[in-house]
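Here's the structure, in structure tokens; my notes come after.
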Amino acid sequence: MPAAPFTRTPSPRELRGDLVLASVMFVGAILSAALSTIAEMYGDEQAEPWTALVYALVVTAPLAVRRRWPGAVAIVIALAYFLAITFKVPEIYVGNIAMFASLYTVGAWMNNRRGALVVRVGIILSMFAWVIVVMYRDAIDEANKADVAAGAFSPYVAFMLIQILLNVLYFGGAYYFGERSWFAASERAVLEQRTIELEHEREVTAAQAVALDRVRIARELHDVVAHHVSVMGVQAGAARVVLDQDPEQSRRILTGIEASARDAIHELRQLLETLRAPGGETTDAASTLTLDDIGVLAEASSEAGLPTEYAVIGEPVPVPSLVAVNLYRIAQESLTNARRHAGAGATADVRVRYAEDSVEVEIVNTGRTVTALRPGLGQLGMRERAIASGGTIDLAPRPLGGFRVRATVPLPAPPAATVAIA
């Protein structure tokens, strides 16, 4: 979406400043008119003193609204200045300042840039044309009086050239400084807008980070609690069944429950240490898990009442710790779901396959026929872990009963071997 064009709007403080400027300029114009009248700047051709008072009001009052209507103010002041010089009104100094301020304001504050260009160029060209005509006429008159050929270089021509040079500096300065003020304000507005956007982006990023942390915490809590509580529940039920008939078996089952409880507390402590550590890192975190620990997970599943076979296919290769942890948790959640939903007599099969460019973990269990997937936190967590590892996951019921989970993660290419040259 293209950015909106820059517009400059005066603040209340700046508008009050214009009122103060107009008042000060009016007082200065009155004093200048009085002194110019006394000094008889135009000699016998000087206009009546009351014209200077009118001119002082006309040339300074518009400055009070110069930022509101810069184009109109500049045109009014230019006309007043032109008439004052033409009719030799005894005041020129404050008028010069007012003209400069009005041209500067057009460049600095007029939002219609094409209009600003037209107003300034029109006023400047008109003034130069008028100045050149008047000065050249006066130079010819003086040359005739002095019996010098018209157009010959004379003190009056030199004076005319000086006046032209001064006018170039005068109008050029008003034009240049007005443009610089506009572009400086434009750049400042862009920086302010960018600052607002960066602040908004920072807030969005912080909110996203909080949301991701909450998802990660929820996923870890679910994996730890659901797995161990499920194992303990199954083992407690088995211990209750054989409590009277086989006390020794009950004792072994209760020992397994105790071990599961210790494991749950240990993993919860690791999670809490991770959350409390600066940056969310700790030296004793779940990153110590490897794909080899899936074998231990399969043994624990068999002890919990779900006979589980474990096999490794292919030549094991190093796997990034994040990938190993995520695949371990996927296998853990899959076996937990199988114990909860597969029913009595179900079995499970866990396979870890190493390929040239990927690693795959597949968990297949027998049991009840699943007619439709019921989305839950466990499935969501497995999908998130697969995506976080840069892989894919397939969750699907088996036609003959049971369920299959297959997670595949691509592995980075091994570094090319370097050959030493003697």
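The numbers here are math on the coordinates, done by the rules we state, and not lab data. In this text, all values refer to a predicted model and were calculated from it rather than measured experimentally. Cβ: placed from backbone, ideal geometry, glycine included. Neighbour counts: every protein chain shown.
Summary of computed values
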read-out	value
15 Å beta-carbon shell around residue 348, net charge (K/R +1, D/E -1)	+1
More than 18 Å apart - percent of Cα-Cα pairs taken over the range 1-119	53
Net charge, residue 367 excluded, C-beta distance under 13 Å - Lys, Arg +1, Asp, Glu -1	+4
Dipole of the range 12-200, positive direction: furthest Cα of 47, 60, 37, with charges on the beta-carbon	60
Length released on extending from residue 38 to residue 19, taking residue separation times 0.36 nm less the Cα-Cα span	3.9 nm
Listed peptides 242-255, 380-393 by packing density, highest first (mean Cβ within 10 Å)	380-393, 242-255
Whole-Å semi-axes of the ellipsoid equivalent to the range 12-200 (Cα gyration tensor, √5λ, descending)	37, 22, 12
Cα lying deepest toward the dipole's positive end in the range 289-422, options 396, 338, 371, charges on Cβ	371
Isotropically averaged projected area of the range 289-422, using the convex hull of Cα atoms (one quarter of hull area), nm²	9.0
Nearest-20 debye value, the range 289-422 charge dipole, Cβ charges on Lys, Arg, Asp, Glu	640
The range 12-200 - charge dipole about Cα centre, Lys and Arg +1 at Cβ, Asp and Glu -1, debye rounded to 20	700
Counted charge near residue 87, where neighbours are those whose Cβ lies closer than 15 Å (Asp, Glu -1; Lys, Arg +1)	-3
